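To keep things clear, I will list the structure first and then write my remarks on it.
The values are calculated or read from the model by the stated rules, or taken from the named source; none is laboratory data. Treat the numbers as computed from the prediction; the structure is a model and nothing was measured. Note that each Cβ is placed from the backbone with ideal geometry, even for glycine, and that neighbours are counted across all protein chains shown.
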Amino acid sequence: MLDVRKCGIIGCGFVGASIAFSLVESGLFSELVLLDANQAKAEGEAMDLSHGMPFARPMEIYAGSYDDIADCGLIILTAGANQKPGETRIDLVQKNVRIFKSIIPELKKRNYEGILLVVSNPVDILTYVALKLSGFPANRVLGSGTVLDTSRLKYLLGQHLGVDSRSVHAFIIGEHGDSELAVWSSANVSGIELDHYCEMSGHYAHDENMQKLYEGVRDSAYQIIQRKGATYYGIAMAVRRIAECILRNEHSIMPVSSLINDHYGLHGVCMGVPTVVGSSGVEKVLDIPLNAEEQKQLLESADLLKSILDSLDLKS
């Protein structure tokens, strides 16, 4: 029987450990199980986190096995290889597909019935891979998509306009990567159309500023990696927010990555688009209005992902 207050994290690198810390701070779960190919690493992270329990809400934290996570309401998958200098994106995909082929069958053989949240990169490709290898219902397999990218856009827009980023409403959609796009046509600040708010704030070079802001979002991960080697805090906070939506059955709208069929003219691809997220995982994919250029860019992003998928052998 599933325990919705129990969460498993597969992969205890920078991202997995940061997610674990964020979830401990959140108090969402009563039990957290950590898995890693390096058992000692998982044990060390569990010990370190457990020592902070006097400052947090009660939670059992331990390193475990696939049997230990079989009844988790939510499993977060962060395992995967990091891209190295000289490696192509396809090289990284192939390595991480092999890793997923060792993980997903372990969940499948235990008849896992909870929700699988993929965070490993490239997240859109690996969400599709997890879905196909597992055979799970599409609503129960989702990826972090462009949730973090959207947060980055809101933050940068808030900084640009001198307004609380929580009052900014805008989406980054498509691939979590270089082909992602900003949906400027429906962006607003608390209901005020973005261009109008910009002019109210003394900003008139709309095209120039939008391009600069978009590039700031698209390239932010590269800039962080250049400075500190990896990104992990932002995605940890994004995953915590997705977990909240699932555990609390919020029906919140987030651009998670999930299987898209018959939306935006797309079929058979996973990518980040606005989606209603609740206790069953993906509840509904939303078709938000796009202008002609945004629709074109979204199709190009999907074509790029499909070209990579076509190169994969997804037989488990």
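Which residues, counting only those in the stretch 1-38, are hydroxyl-bearing (Ser, Thr, Tyr) and surrounded by fewer than 21 Cβ atoms within 10 Å (Cβ to Cβ)?
Here is the first cut: in the stretch 1-38, the residues hydroxyl-bearing (Ser, Thr, Tyr) are 18, 22, 26, 30.
Residues satisfying the conditions are Ser22, Ser26, Ser30.
Kindly indicate whether Ala243 is modelled with pLDDT under 95 and crowded, with 19+ Cβ neighbours inside 10 Å. It is false that Ala243 is modelled with pLDDT under 95 and crowded, with 19+ Cβ neighbours inside 10 Å. The residue that is farthest from the chain's Cα centre (by Cα), counting only those in the stretch 152-176 that are surrounded by 18 or more Cβ atoms within 10 Å (Cβ to Cβ) and farther than 17 Å from Met254 by Cα, is Leu161. Of all residues in the stretch 36-74, those satisfying the criterion of being within 18 Å of Gly114 (Cβ to Cβ) and of a type in the set (Gly, Ala, Ser) are Gly64, Ser65, Ala70, Gly73. Taken over the stretch 180-209, the residue count meeting the criterion of being touching a residue at least 12 places away in the same chain (Cβ under 8 Å), surrounded by fewer than 18 Cβ atoms within 10 Å (Cβ to Cβ) and under 29 Å from Glu300 (Cα atoms) is 4.
Among residues of the stretch 230-252 that are over 13 Å from Ser151 (Cα atoms) and outside the structural domain of Ile9 (by TED's automatic domain parsing), those with a beta-carbon under 7 Å from a residue that is at pLDDT below 95 and of a type in the set (Gly, Ala, Ser) at least six positions away or on a different chain give the pairs Thr231/Ala221. Of all residues in the stretch 92-107, those being in contact with a Phe, Trp or Tyr (Cβ under 8 Å, 6 or more places away or on another chain) and closer than 15 Å to Lys132 by Cβ number 1. Annotation: Val147 fulfils all but one of (1) within 26 Å of Gly16 (Cα to Cα); (2) surrounded by fewer than 23 Cβ atoms within 10 Å (Cβ to Cβ); the unmet one is (2).
With the condition kept exactly as written, say whether any residue in the stretch 285-302 is in a strand (DSSP E or B) and within 20 Å of the chain's Cα centre (by Cα).
Of the residues in the stretch 285-302, the ones in a strand (DSSP E or B) are 285.
Subsequent filtering for residues that are within 20 Å of the chain's Cα centre (by Cα) retains 285.
Checked against the condition, which is being in a strand (DSSP E or B) and within 20 Å of the chain's Cα centre (by Cα), the stretch 285-302 yields at least one hit.
When the stretch 89-123 is examined, which residues are found to be out of contact with any Leu (no Cβ under 8 Å at 6 or more places or on another chain) and either surrounded by fewer than 16 Cβ atoms within 10 Å (Cβ to Cβ) or without any contact (Cβ under 8 Å) to a residue 24 or more places away in the chain (or both)?
Arg89, Ile90, Asp91, Lys95, Arg98, Ile99, Ser102, Lys109, Arg110, Asn111
Answer with yes or no whether Ala292 is out of contact with any strand residue (DSSP E or B) (no Cβ under 8 Å at 6 or more places or on another chain) and surrounded by 13 or more Cβ atoms within 10 Å (Cβ to Cβ).
Values: out of contact with any strand residue (DSSP E or B) (no Cβ under 8 Å at 6 or more places or on another chain): yes; surrounded by 13 or more Cβ atoms within 10 Å (Cβ to Cβ): no.
No, not satisfied.
Among residues that are in the same structural domain as Ser179 (by TED's automatic domain parsing), surrounded by 18 or more Cβ atoms within 10 Å (Cβ to Cβ) and free of Cβ contacts under 8 Å to residues at least 60 places away in the same chain, Val273 is not included. Report whether or not Ala230 is modelled with pLDDT under 95 and assigned to a loop (DSSP other than H, G, I, E, B). Answer is yes for this residue. Pairs meeting the criteria (first residue in the stretch 17-37 and farther than 21 Å from Cys245 by Cβ, second residue modelled with pLDDT of 95 or more and of a type in the set (Lys, Arg), beta carbons under 6 Å, at least 6 apart or on different chains) are lacking.
Only residues that are part of a loop (DSSP other than H, G, I, E, B) and under 18 Å from the mean Cα position of the chain (by Cα): list them for the stretch 1-17, please. Show your work before the answer.
First, the residues of the stretch 1-17 that are part of a loop (DSSP other than H, G, I, E, B): 1-2, 11-13.
Selection gives Gly11, Cys12, Gly13.
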